[in-house]
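Asks: Here you go, one structure.
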Amino acid sequence: MTKSASSAPAGGVPVLMKGNEALGEAAIRAGCRAFFGYPITPQSELPAYMARRMPEEDGVFLQAESELAAINMVYGAAGAGVRVMTSSSSPGISLKQEGISYIAGAELPAVIVNIMRGGPGLGSIMPGQSDYFQATKGGGHGDYRLVVYGPATVQELVDLTIRAFNVADRYRSPVMILGDGILGQMMEPVVFPTEKPAEVAKPWATTGRQGTRGRNVVNSLYLAAEELEAHNLRLQAKFAEMHSNEVIYESIIPEGAEVVCVAYGTTARVVKSAIAMARQEGIKVGLIRPISLWPFPDEAFVNLPDTVRSVLTVEMSAGQMVEDVRLALNGRLPVHFYGRMGGMWPIPRDVLAEIKKAAGREAGVAR
Amino acid sequence: MSSIVERIPVYEPPKSLSDVSSHYCPGCTHGATHRIVAEVMDELGLTDKAVGIASVGCSVLAYNYFECDMQQAAHGRAPAVATGVKRVRPELVVWTYQGDGDLASIGTNEVIHAALRGEKITVIFINNAIYGMTGGQAAPTTLIGQKTATTPFGRDKSWSGSPIHLSEMLALQEGAAFIARTSTHNPAHLGRTRAAIKRAFQTQLEGKGFSLVEILSTCPTNWGMTPVEALKWVEEQMVPVYPLGIFKDWQADGARSPAAAGAAAKSAKPAEGGK
Ligand SMILES: Cc1ncc(C[n+]2csc(CCOP(=O)(O)OP(=O)(O)O)c2C)c(N)n1
Ligand code: SF4
Ligand SMILES: [Mg+2]
């Protein structure tokens, strides 16, 4: 097969791209050389993009027979030492959980993308944020953690995807991009970096001994309890390091803010519009936007000004991240929640009404 | 040459087999099959360029027993893991070692799709008609009438179906280049098993496509038999249900037709014995 001419978008200048496709391009620019996936809406543009672009980069695109197979192909390729990615949407990510646990247990770097849709069950193909628990609290079995990023713009999707590959390699750990259907489908201008990805040495990978070393083994089984505990302690030390080094968030707290909103991903953009509307009406509202959902940016909640009377968390779920907000605040402030589900998303007018309630600007609201 | 008499070792452990004691029960043929795989790796010079994929079952610790690079895969997913390795490093020789619960039950989808893609991997498939590791439950390969922990009155065809003939199914896939079923019940058959495994690896080395050797094996522990009784049971009960032979061979025209093999399997009598 002859290598076709590159259809890569230019780097260093803005190009207009759909979220799912920009994500694929970002992965390729990060040095991703293998993609295994299975079709599911609303992320299908991503595998289609990889099917077209990977051959141009001498990379591998393979449509697997299922998400189970896809995530285990990721395991094999990651174990063989290449940068590898898979993507899916909620039901498919549920199927991948066993594999993600194995990848975490065997300490393999990989990037997993979940472009969330409404659940539970088959749910709908409309956007959602109801896989937050699954992504940030474990998902699969065992004591493990994933770094989870919640991008809000197509540019951020690109930047965080590149970051995800670097973080995965640094810690030998799977990293998840947790987007939603709106972001995946949305077109926005993005700028791709022009620099080449750094080469990462992987002396542990199963690349064949080649007469140069003893054998390498990729494994998550430790039959002796003492050995498995020691392995877990090593993993926990790594997760603690990730917890202290990998927090990212945006925080805009105006002087005299009465309410602070908390939202991530597309929802944060809606909340920003509502905050601007509130300002017009003379209500000062801040925003904390977690970008790393795990590790959760607890530090953003520490020194809020005394003027803040309450916190309002907005999500496309029945309230999942709100539990982390409550933990971060540890009872210091009342926490309100507003969420839409099933593929519905909050609109600025409704968020504004919730902000007013949280600010005590409407009758009958306990503080 | 310093000496006229060359020392020719009559018997020594294969270099591809690790110098550790295995955890297999006495009389279990997993051990003999490991040795054969290692011998073939030595003979073909694969140790330095092979990646073996251990599965979930009694052979889960295979990653400790072979000297090549190894990965341990989730239950049933070894062919997908092997696909991941082979696709990104096609220069490697990638093989899986799977039991019948692993390959023919939870992992049927993965093995069938690896075969139909013509994935250039080699699968060593241990059919011992039972789930060994978990304590002797029924497998899809369990014989009609065979007693297991979960078929205490013997496998009843009307309730849990008939033994699965995976090799015959796989041979129908165009991507399958070499498919054979062999047995371990006596030295002659071990020799044929060795020849088949060698042919399977050569199939991969020549880039011809998917290769698999199904090996009728013993589980004396869960069958409730002595090692000798177990070998006899393979010969007398398993072989009639699972006809031996080559079902697909890219090299030879004389491969036995899967249809003929299927007919032979159908006419086999219900098994006796088993725990
Ligand atoms: C997802 C999952 N389900 C079940 C098990 C439990 N389990 C371990 S080994 C095994 C059966 C293995 O039987 P087989 O593949 O026939 O290998 P054998 O032990 O007979 O060699 C099962 C069900 C598991 N480890 N993972
Ligand atoms: S339980 Fe059966 S398959 Fe497992 S090691 Fe013992 S004899 Fe072999
Ligand atoms: Mg078995």
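The values are calculated or read from the model by the stated rules, or taken from the named source; none is laboratory data. From a predicted model like this one, the values you see are computed outputs, not experimental measurements. Note that each Cβ is placed from the backbone with ideal geometry, even for glycine, and that neighbours are counted across all protein chains shown. These accessible areas exclude ligands, DNA and RNA; they are computed on the full protein's heavy atoms, side chains included. Shrake-Rupley method; radii C 1.70, N 1.55, O 1.52, S 1.80 Å.
Asks: Give just the number: which of (1) closer than 19 Å to residue A:68 by Cβ; (2) within 14 Å of ligand 2 (Cβ to nearest atom) does residue B:62 not satisfy?
Replies: Unmet condition: (1).
Asks: Looking at segment B:103-129, which of its residues are within 16 Å of ligand 3 (Cβ to nearest atom) and closer than 25 Å to residue B:49 by Cα? First the steps, then the outcome.
Replies: Within segment B:103-129, the subset within 16 Å of ligand 3 (Cβ to nearest atom) is B:103-108, B:111, B:123-129.
Correct list: B:103, B:111, B:123, B:124, B:125, B:126.
Asks: Starting from residues that are without any contact (Cβ under 8 Å) to a residue 60 or more places away in the chain, near ligand 1 (Cβ under 9 Å from one of its atoms) and crowded, with 24+ Cβ neighbours inside 10 Å, keep the ones in segment B:101-117 and report whichever is farthest from residue B:58 (Cα to Cα).
Replies: B:107
Asks: Related question: Here are the criteria: (1) more than 14 Å from ligand 3 (Cβ to nearest atom); (2) open to solvent by less than 10 Å² (accessible area, probe 1.4 Å); (3) among the hydroxyl-bearing types (Ser, Thr, Tyr); (4) out of contact with any Phe, Trp or Tyr (no Cβ under 6 Å at 6 or more places or on another chain). Tell me which single one residue B:33 does not satisfy.
Replies: Only one criterion in (1) more than 14 Å from ligand 3 (Cβ to nearest atom); (2) open to solvent by less than 10 Å² (accessible area, probe 1.4 Å); (3) among the hydroxyl-bearing types (Ser, Thr, Tyr); (4) out of contact with any Phe, Trp or Tyr (no Cβ under 6 Å at 6 or more places or on another chain) is unmet by residue B:33, namely (1).
Asks: Right, another one. For residue B:204, indicate whether it is assigned to a helix (DSSP H, G or I) and either more than 27 Å from residue B:230 (Cα to Cα) or of a type in the set (Gly, Ala, Ser) (or both).
Replies: Yes, satisfied.
Asks: Scan segment A:34-56 and give yes if some residue there is in a helix (DSSP H, G or I), farther than 25 Å from residue B:113 by Cα and touching a helix residue (DSSP H, G or I) at 6+ places or on another chain (Cβ under 8 Å), otherwise no.
Replies: There is no residue in segment A:34-56 that is in a helix (DSSP H, G or I), farther than 25 Å from residue B:113 by Cα and touching a helix residue (DSSP H, G or I) at 6+ places or on another chain (Cβ under 8 Å).
Asks: The conditions are (1) within 16 Å of ligand 3 (Cβ to nearest atom); (2) crowded, with 24+ Cβ neighbours inside 10 Å, and residue B:85 fails exactly one of them. Which is it?
Replies: (1)
Asks: While we're on this one: Can you find, within segment B:144-184, the residue that is farthest from residue B:248 (Cα to Cα) among those that are within 16 Å of ligand 2 (Cβ to nearest atom) and open to solvent by less than 20 Å² (accessible area, probe 1.4 Å)?
Replies: To start, the set of residues in segment B:144-184 that are within 16 Å of ligand 2 (Cβ to nearest atom) comprises B:146-150, B:183-184.
Going one step further and asking which of them are open to solvent by less than 20 Å² (accessible area, probe 1.4 Å), we end up with B:146, B:148, B:183-184.
On the way: B:146: 29, B:148: 32, B:183: 17, B:184: 20 Å.
Per the stated criteria, the residue is B:148.
Table: residues versus (1) outside any helix (DSSP H, G or I); (2) crowded, with 19+ Cβ neighbours inside 10 Å.
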residue	(1), (2)
B:200	no, yes
B:208	yes, no
B:215	yes, yes
B:218	yes, yes
B:221	no, yes
B:233	no, yes
B:240	no, no
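Asks: Considering only segment A:66-154, give the helices (runs of 4 or more DSSP H) lying wholly within it that have at least 2 residues that are open to solvent by 10 Å² or more (accessible area, probe 1.4 Å), at pLDDT 95 or above and more than 14 Å from chain B (Cβ to nearest Cβ).
Replies: It comes to A:90-95, A:132-136.
Asks: Now for a different question. When segment B:130-162 is examined, which residues are found to be within 16 Å of ligand 3 (Cβ to nearest atom) and in a strand (DSSP E or B)?
Replies: Across segment B:130-162, the qualifying residues are B:131, B:137, B:148, B:151, B:155.
Asks: Would you check which residues across segment B:51-78 are under 21 Å from residue B:199 (Cβ atoms) and facing chain A (nearest Cβ under 7 Å) and list them?
Replies: B:51, B:68 - these are the residues of segment B:51-78 that are under 21 Å from residue B:199 (Cβ atoms) and facing chain A (nearest Cβ under 7 Å).
Asks: Could you please tell me which pairs satisfy a Cβ distance under 9 Å, a separation of 6+ or placement on different chains, a first residue in segment A:183-210 that is closer than 12 Å to residue A:169 by Cβ, and a second residue that is among the charged types (D, E, K, R) and part of a loop (DSSP other than H, G, I, E, B)?
Replies: Filtered contacts from segment A:183-210: A:197/A:83; A:200/A:83; A:202/A:172; A:204/A:107; A:204/A:172.
Asks: Here are some residues: A:238, A:202, A:196, A:284. Which one is under 24 Å from the mean Cα position of the chain (by Cα) and at pLDDT 95 or above?
Replies: Exactly one of A:238, A:202, A:196, A:284 is under 24 Å from the mean Cα position of the chain (by Cα) and at pLDDT 95 or above, namely A:238.
Asks: Right, another one. Being at positive phi, open to solvent by 10 Å² or more (accessible area, probe 1.4 Å) and within 14 Å of chain A (Cβ to nearest Cβ) is true for just one of B:27, B:45. Which residue is that?
Replies: On the way: B:27 fails: within 14 Å of chain A (Cβ to nearest Cβ).
Answer to the selection: B:45.
Asks: Could you list, in sequence order, all residues of segment B:205-226 that are away from ligand 1 (no atom under 16 Å from the Cβ) and touching a Gly at 6+ places or on another chain (Cβ under 6 Å)?
Replies: So the first thing to find is which residues in segment B:205-226 are away from ligand 1 (no atom under 16 Å from the Cβ), and the list is B:205-211, B:226.
Across segment B:205-226, the qualifying residues are B:209, B:210.
Asks: Condition first: more than 11 Å from ligand 1 (Cβ to nearest atom), over 19 Å from residue A:110 (Cα atoms) and open to solvent by less than 10 Å² (accessible area, probe 1.4 Å). Now tell me which residues in segment B:55-78 satisfy that.
Replies: B:66, B:68, B:69 - these are the residues of segment B:55-78 that are more than 11 Å from ligand 1 (Cβ to nearest atom), over 19 Å from residue A:110 (Cα atoms) and open to solvent by less than 10 Å² (accessible area, probe 1.4 Å).
Asks: Being closer than 16 Å to residue B:235 by Cα and out of contact with any strand residue (DSSP E or B) (no Cβ under 9 Å at 6 or more places or on another chain) is the filter here; which residues of segment B:155-206 pass it?
Replies: If the condition is that a residue be closer than 16 Å to residue B:235 by Cα and out of contact with any strand residue (DSSP E or B) (no Cβ under 9 Å at 6 or more places or on another chain), then B:186, B:187, B:188, B:191 are the ones that fit.
Asks: Would you point out the residue of segment A:198-222, among those that are more than 8 Å from chain B (Cβ to nearest Cβ) and of a type in the set (A, V, I, L, M), that is surrounded by the fewest Cβ atoms within 10 Å (Cβ to Cβ)?
Replies: Let us first name the residues in segment A:198-222 that are more than 8 Å from chain B (Cβ to nearest Cβ), namely A:198-205, A:212-214, A:222.
Still in the running and of a type in the set (A, V, I, L, M): A:198, A:200-201, A:205.
On the way: A:198: 10, A:200: 14, A:201: 8, A:205: 20.
Per the stated criteria, the residue is A:201.
Asks: Can I ask one more? Under the condition of being surrounded by fewer than 20 Cβ atoms within 10 Å (Cβ to Cβ) and within 13 Å of another protein chain (Cβ to nearest Cβ), which residue from segment B:118-134 is farthest from the chain's Cα centre (by Cα)?
Replies: Here the residue is B:118.
Asks: Scan segment A:45-54 and give yes if some residue there is at the interface with another protein chain (Cβ under 7 Å from one of its Cβ atoms), touching a residue at least 40 places away in the same chain (Cβ under 8 Å) and over 21 Å from residue A:139 (Cα atoms), otherwise no. Spell out the reasoning first.
Replies: Initial filter on segment A:45-54 (at the interface with another protein chain (Cβ under 7 Å from one of its Cβ atoms)): none.
No, every residue in segment A:45-54 fails to be at the interface with another protein chain (Cβ under 7 Å from one of its Cβ atoms), touching a residue at least 40 places away in the same chain (Cβ under 8 Å) and over 21 Å from residue A:139 (Cα atoms).
Asks: Next question, about the same structure. Could you give every pair whose Cβ atoms fall below 7 Å, whose first residue belongs to segment B:60-79 and is under 11 Å from residue A:72 (Cα atoms), and whose second residue is among the β-branched types (Val, Ile, Thr) and in a loop (DSSP other than H, G, I, E, B), counting only separations of at least 6 or pairs across chains?
Replies: B:74/B:56; B:75/B:56; B:79/B:121
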